Every structure is written in C-alpha cells, then in structure tokens.
1. For segment 279-306, how many residues meet the condition of being surrounded by 16 or more Cβ atoms within 10 Å (Cβ to Cβ) and more than 16 Å from ligand 1 (Cβ to nearest atom)?
2. Looking only at segment 321-345, count how many residues are out of contact with any strand residue (DSSP E or B) (no Cβ under 9 Å at 6 or more places or on another chain) and either assigned to a loop (DSSP other than H, G, I, E, B) or at pLDDT 95 or above (or both).
3. Give me a count of the residues in segment 239-270 that are within 19 Å of Ala212 (Cβ to Cβ), out of contact with any helix residue (DSSP H, G or I) (no Cβ under 9 Å at 6 or more places or on another chain) and outside any helix (DSSP H, G or I).
4. Name the single residue that is farthest from Tyr120 (Cα to Cα) among those in segment 132-185 being part of a helix (DSSP H, G or I), at pLDDT below 90 and not aliphatic (A, V, I, L, M).
5. Does at least one position in segment 107-130 carry a residue that is more than 19 Å from Ile254 (Cα to Cα) and among the charged types (D, E, K, R)?
6. Does Ala127 satisfy the criteria of being among the aliphatic types (A, V, I, L, M) and surrounded by fewer than 21 Cβ atoms within 10 Å (Cβ to Cβ)?
7. Identify the single condition in (1) within 16 Å of ligand 2 (Cβ to nearest atom); (2) over 21 Å from Ile254 (Cα atoms) that Phe289 does not satisfy, given that it satisfies every other one.
8. Looking at (1) β-branched (Val, Ile, Thr); (2) part of a helix (DSSP H, G or I); (3) surrounded by fewer than 23 Cβ atoms within 10 Å (Cβ to Cβ), find the lone condition where Thr37 falls short.
Amino acid sequence: MKVLVIGGGGREHALAWKLGQSPKVQAVYVAPGNGGTAQDARLENIALTDVTALRVWAQDNKIALTVVGPEQPLAAGVVDEFRNHGLRIFGPTKAAAQLESSKAFSKAFMQRHGIPTAEYETFTDAAMAHAYVDRKGAPIVVKADGLAAGKGVVVAMSLAEAHEAIDFMLLDNKLGVAHNEGGARVVIEEFLQGEEASFIVLCDGKNVAALATSQDHKRLLDGDQGPNTGGMGAYSPAPVVTPEVHARAMREIILPTIKGMEKDGIPFTGFLYAGLMIDAQGHPKTLEFNCRMGDPETQPIMMRMKSDLVDLLWAATETGPHGRLDDFELEWDRHVALGVVMAAHGYPMSPRKGDAITGLPKNTEQAVVFHAGTVPTEGGGVATSGGRVLCVTVLAESVKAAQQQANDIARGIHFDGAQYRHDIGHRAVK
Ligand code: AMP
Ligand code: GLY
C-alpha cells in the first residue's frame, strides 16, 4: 500500500522511516518532508501543506493510509476533510484536537471529568488576571490559550515575571500565539512540583494502546537551564513511570479522557499525549494534552518499536463502533533509545537558516540521524532551515551509554552555531 505522512519535522522523519520498514508498504510520501526524507531512497517528499490540496492529492494517488504529525493541520481539520471523502487517516478531528489547541478547553474538560490537573482559572481581562496572580502568589504558571509552538507557557518564579507574562500574552501578544475564537485568553494555574514524563497512547475512539514511555528535555541548556523550547532531546523508557505510575495514569487520566470525549460527543481518535507531572508519592497530574506524537519523543520511541507501525495504525483506523486497538500487542526493543537534538544558531527565539551541514554519518540499526529543519542543497548536501535541525538517536544498553554514543555522533556533525545538550537522560543516569 501507499502511505502518507503529513508534516516535515523530526517526528515525521521518524514515523516515515518506521513505516518504510513495513513489508506491506510500497511507498511512503512525506508532505512536505525535509532534507532527510528527501535523501532517504524509500521516502518521497510532496510539496503540499494545504488541507484540501493534500486530500485531493491523496485521492488521486490512491493513498491507503495517512498519518498526521503536527498539530496545525489537525487544528485546521485535515482529519475531517480526509474522512469526509472516504480516506483513511489517523488523527483527531478538529473538534477533538481542541484538547491541545485550546488550553481553556482542555482545562475545563479535565475539571468536568475529574481528571487530575493543576488548579486554574481562565482570563481575558488583564486587570483581573493581575489581581488573581497577586492573590495567589508565586511561583505560578501563565499559559496562552492558543497554539504557540511550545512558547506559550511561562513558569513564573516571581510575581514580576507572572505580571509580565500576562501583559505579553493578553496585551502585546509578543509570543506570537495563534489566538482562538474570542481573542486573547490566558489560563493561570498552580505550580506543580515533581518529575515530568510523556505518556503517549493511540486511540481508536474507544480503546487505547500505550506506547513506550519517554521523557523530554524542554530547556535549551544543560542542567535544565535557559528558555523553554519544543524539546532538546528525549529518551525511552522513562524510569519515573514505574508500573504503578503507569497503571494510575491509565486509570485516572487516559481512560477517563477517552470516555469523557466520547460522552461529550467528540470521540478521540489519534495519538493522545498526556504531559505528566509525577510527584514524590508517584501521583501523576496532567500538565497538558497534545493530540499528536511528541517531537522529539517519537524519534527514540520509533527506534524501540518492534511491531509493524502500519499494522498498528491500520488497527487504530478500523471503522465501526469499536476499532481494533484492544487486540493489539505492541512489542518493544529492551534497549534504551535516546535522541539528542541539534538546534540552529539563535534557537529558540530567532533561528538562523542556511548553514551548511557536514559530517553526517551513515545510519545503522543502532544509530539514526533524523532530520527536522533541513533542506537539500544543490550540491547534494543539506543545510539548516529551521529551529530544530537534527535528532541524533541511538539504541544502547544503558542511558549512560546511549548518551555518550549520541554525543559522540553529534560532535562529528557540523553546522555553524549548532547548539545541543550533553546531558540528555540525566535524570535516569545513576
Ligand atoms: P505545557 O505546554 O503546558 O506542557 O507547558 C510547558 C512546560 O511548562 C511543561 O513541560 C512544564 O515543564 C512547565 N509547566 C507547565 N505547567 C506547569 C505547572 N502547572 N507547574 C509546573 N510546571 C509547569
Ligand atoms: N516534546 C514536546 C512536544 O512534542 O510537545
């Protein structure tokens, strides 16, 4: 069959790479793809991003299955568009994607269905937001309501920072948030302490299949310092998700979410990503929902997946009242997978484009360099074209060994201004 991956980041490179390994797949198209998917002989880039154009192209080219990587096409209704024309696609509808695209929607949803999350209130009025923050005190967390590419959250350690964030988001929109209907809104919530993990499952509307656990590193610099980013590295499995935490997260967060969405008349299909904060007692709370795979979590997770991803997505898109995910047994490589993101000069505020990339190694079974913000150059090479450029991903016996091997590979890759962390996985290194 022919399959289509929508998106062009590291996550989509990893999904396409994994789909391409299935004996059932004749061709994998990536729209729009990147420099890495362009170079991979089993993958082909398609220069389309518009939802209608993608649907027409998929019909014309007899695409059997489509999977959506990023949040923007989901929020734009790509799943509705494909389904309305009888095309098989894995992802949430536009209505269901609000779990990610609106913090106000997802917080109200969690409150309504008793899903553990930080206490919060929503504001459109800056003066009221300022007064609330003064009443609650710091630390406190200010979140813009719309999609913000990982830049819409300010964890304010002081009242001054919280006030500044409110003005940034409600008055100036300096963070470039895509506002939802009704204009600028913020969610202000309680500061939670603990260790974070990414808990990602597939849903067919009713049943779920959990992927291997993972942990992401959101800060730019070693030691979890510097600004928040989309993610500077990730590894799988995440030891903080013990079997008890896993069972709790399923019972208290994931299953009530799927049931709640069904009850609210917007059944959830697609990847559901719960960002968890796990406290010292092992109680998980939901920091956020994403309605897609994580980037860079996908890269290590795909390296560890032994099951055929086509079979899994096929089961998850079986129509009918129940889907088929409950029958699916996922198999994982017992090794640790760890990915180190190499980001462009100036990331995250103003990433520079056009730096030539050299020293890329040949991929092996144990080490793959997934591309994100790269483009092919005329001489047959690649250059930077976005904030996060590459994700060096390895499989190894331990987190420490994986970290060392990924760092060694990253050291051999060159582009001017490259930034990467050397301590990915540090919480799991004993
Ligand atoms: P979000 O996009 O909502 O996951 O927020 C981005 C990051 O901000 C999270 O990964 C956390 O590191 C941090 N964060 C968000 N909400 C909270 C909270 N309530 N308490 C502490 N940290 C938070
Ligand atoms: N790595 C965090 C995310 O994909 O949202």
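1. Selection size over segment 279-306: 8.
2. Total meeting the criteria: 2.
3. Residues that pass the stated criteria total 1.
4. So, considering only residues that are part of a helix (DSSP H, G or I), at pLDDT below 90 and not aliphatic (A, V, I, L, M), the one farthest from Tyr120 (Cα to Cα) is Asp172.
5. Scanning segment 107-130 turns up at least one residue that is more than 19 Å from Ile254 (Cα to Cα) and among the charged types (D, E, K, R).
6. Judged against the criteria, Ala127 is a match.
7. Looking at each condition in turn, Phe289 falls short on (2).
8. The single condition Thr37 does not satisfy is (3).
The values are calculated or read from the model by the stated rules, or taken from the named source; none is laboratory data. Because the structure is predicted, anything quoted here is derived from the model rather than measured. Please note: Cβ atoms are built from the backbone with ideal geometry, for glycine as well, and neighbour counts cover all protein chains shown.
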